[in-house]
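The values are calculated or read from the model by the stated rules, or taken from the named source; none is laboratory data. Quick caveat, the model's predicted, so the values are computed rather than measured. Positions of Cβ are generated from backbone atoms using ideal geometry, with glycine treated the same way; all protein chains shown enter the neighbour counts. Side chains included, ligands, DNA and RNA excluded: accessible areas come from the protein's heavy atoms. Shrake-Rupley method; radii C 1.70, N 1.55, O 1.52, S 1.80 Å.
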There are 2 protein chains.
Amino acid sequence: MKIAILGGTGSIGEGLALRWAVKHEVFVGSRKLEKALASTDKYRKILEESGDTCTITGCVNPDAVDRADVVVLSVPYEHVSSTIETIKPYLRDQIIISIVVPMKKNGHFLYAPPESGCAAMEIQGLLPEGVKLVSAFHNVSAKKLADINNKLDMDVFICGDNEEANNVVSDLVKDIPGLNPMMAGPLEVSCMVESITPLLVNLAKFTKKKHLGIKSV
Amino acid sequence: MKIAILGGTGSIGEGLALRWAVKHEVFVGSRKLEKALASTDKYRKILEESGDTCTITGCVNPDAVDRADVVVLSVPYEHVSSTIETIKPYLRDQIIISIVVPMKKNGHFLYAPPESGCAAMEIQGLLPEGVKLVSAFHNVSAKKLADINNKLDMDVFICGDNEEANNVVSDLVKDIPGLNPMMAGPLEVSCMVESITPLLVNLAKFTKKKHLGIKSV
């Protein structure tokens, strides 16, 4: 599968690129080509050093989207609207995975949903018809995901209105050993999943346990 | 410690009563005395059958609050305001633990916070000064908690503005083997913890895994 990761140069984008590039064709997208190429070189080196072969290409966001079947939107909430504007001409029938979280900082982090209730519902309103949106990966530790030697054992909560797209994302989750996909409901419940990201950051801060993810028990 | 559990006749109240009554003095509160007494008889029988000695008394909500150091508020969101009205004359400097979750049902469940941002912030506005509010236990499976033979292994996320009260609640969590207290931040972040309750109900529904709780990993 051809996967574009927008915001693929940092945070959770890095982990997804590293974990998927051994099985899929990954396009690391950025607003700046040099940044995308630098990250791609870094990821390729990490994977090759561990003996993996990978297919990974750096490009600007619109190029990444144009070449992809699945597009991961892992840019900061503030950049969502402008990012979607630049990629809009290249959106056809791709599946978009939103990892976006609107939050504000006040010593600790607080989930700050827009009027539509959550980032996912707002993003859906910005996307052309035909594009299928799925919300996922908010409750995964970016750091643990990016450490390819880390044996993962986390759930990934998935929200979406299109069953076929949900199943594709569920399979992509399963492609990462140790991640377990769990359907959490339609897109509107994404607020309950997005808010786990700032919760995990706070828990790490207050308990001094770093890089937390979530598992249902 | 003397603990009143309002809404102690059902759901998570049952589990807390059963788990704490072997170590603390528990007052199971209800709007109706007969209901409180019936539940108390049931809980006493369960504990005695498993060879435990317990201290557990059934009473109406105001009596339970009057006799307690810690008051667990585990009534449905719709009954919070009226419940607080009836117990107000008996509130002095107790610690209140809110397990309250405002949610609506639309096939699935959706977290439906009030204007103040979360149930905990709204409840704080209803309480007299001197009473210390802590938000906790939203991410625990009520069913597993109530099954005293179930070996628990879950986190309990705690939010609150009063450090002393947070610590008391943290110790009460530790009194239940297998539950691990984790500070999640001040009371205002309770929205991110309260919303886990409807999320867990949805996950159980869509994945056919029953009685889920949460653990950070």
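Per-structure values
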| read-out | value |
| --- | --- |
| Exclusive hit being within 12 Å of chain B (Cβ to nearest Cβ), over 29 Å from A:GLU49 (Cα atoms) and among the polar types (S, T, N, Q), set A:SER135, A:SER216, A:SER141 | A:SER216 |
| Among the residues listed as A:PRO114, A:PRO186, the single one being touching a helix residue (DSSP H, G or I) at 6+ places or on another chain (Cβ under 6 Å) and either surrounded by 17 or more Cβ atoms within 10 Å (Cβ to Cβ) or more than 8 Å from chain B (Cβ to nearest Cβ) (or both) | A:PRO114 |
| Positions within segment A:172-202 being of a type in the set (D, E, K, R) and either within 18 Å of A:LEU73 (Cα to Cα) or in a loop (DSSP other than H, G, I, E, B) (or both), in sequence order | A:ASP175, A:GLU188, A:GLU194 |
| Set A:ASN180, A:ASN166: member being at pLDDT 95 or above, in contact with an Asp or Glu (Cβ under 7 Å, 6 or more places away or on another chain) and more than 7 Å from every other protein chain (Cβ to nearest Cβ) | A:ASN180 |
| Where A:VAL156 falls short, out of the listed (1) more than 10 Å from chain B (Cβ to nearest Cβ); (2) surrounded by 21 or more Cβ atoms within 10 Å (Cβ to Cβ); (3) without any contact (Cβ under 8 Å) to a residue 60 or more places away in the chain; (4) more than 23 Å from A:ASP52 (Cβ to Cβ) | (4) |
| Index of the failed condition, B:GLU194 passing every other in (1) of a type in the set (Asp, Glu); (2) buried (at least 24 other Cβ atoms within 10 Å of the Cβ); (3) without any contact (Cβ under 8 Å) to a residue 40 or more places away in the chain | (3) |
| One residue from A:ASN167, A:ASN150, A:ASN139 being more than 18 Å from the chain's Cα centre (by Cα) and either touching a residue at least 40 places away in the same chain (Cβ under 8 Å) or open to solvent by 20 Å² or more (accessible area, probe 1.4 Å) (or both) | A:ASN150 |
| The one condition in (1) more than 9 Å from every other protein chain (Cβ to nearest Cβ); (2) open to solvent by less than 50 Å² (accessible area, probe 1.4 Å); (3) modelled with pLDDT of 95 or more that A:GLY130 fails to fulfil | (3) |
| In segment B:51-76, the residues that are hydroxyl-bearing (Ser, Thr, Tyr) and open to solvent by 60 Å² or more (accessible area, probe 1.4 Å) | B:THR53, B:THR55 |
| Subset of segment B:1-20 [over 18 Å from B:ASP66 (Cα atoms) and among the aliphatic types (A, V, I, L, M)] | B:ILE12, B:LEU16, B:LEU18 |
| Number of the condition not met by B:PHE27 [criteria: (1) touching a residue at least 24 places away in the same chain (Cβ under 8 Å); (2) touching a strand residue (DSSP E or B) at 6+ places or on another chain (Cβ under 6 Å); (3) open to solvent by 10 Å² or more (accessible area, probe 1.4 Å); (4) among the hydrophobic types (A, V, I, L, M, F, W, C)] | (3) |
| Total residues in segment A:136-181, condition in contact with a Lys or Arg (Cβ under 8 Å, 6 or more places away or on another chain) and aromatic (Phe, Trp, Tyr) | 0 |
| Residue satisfying condition, being in a strand (DSSP E or B) and more than 16 Å from the chain's Cα centre (by Cα), within set A:LYS215, A:LYS205, A:LYS209 | A:LYS215 |
| Index of the failed condition, A:CYS191 passing every other in (1) under 16 Å from the mean Cα position of the chain (by Cα); (2) more than 7 Å from chain B (Cβ to nearest Cβ) | (2) |
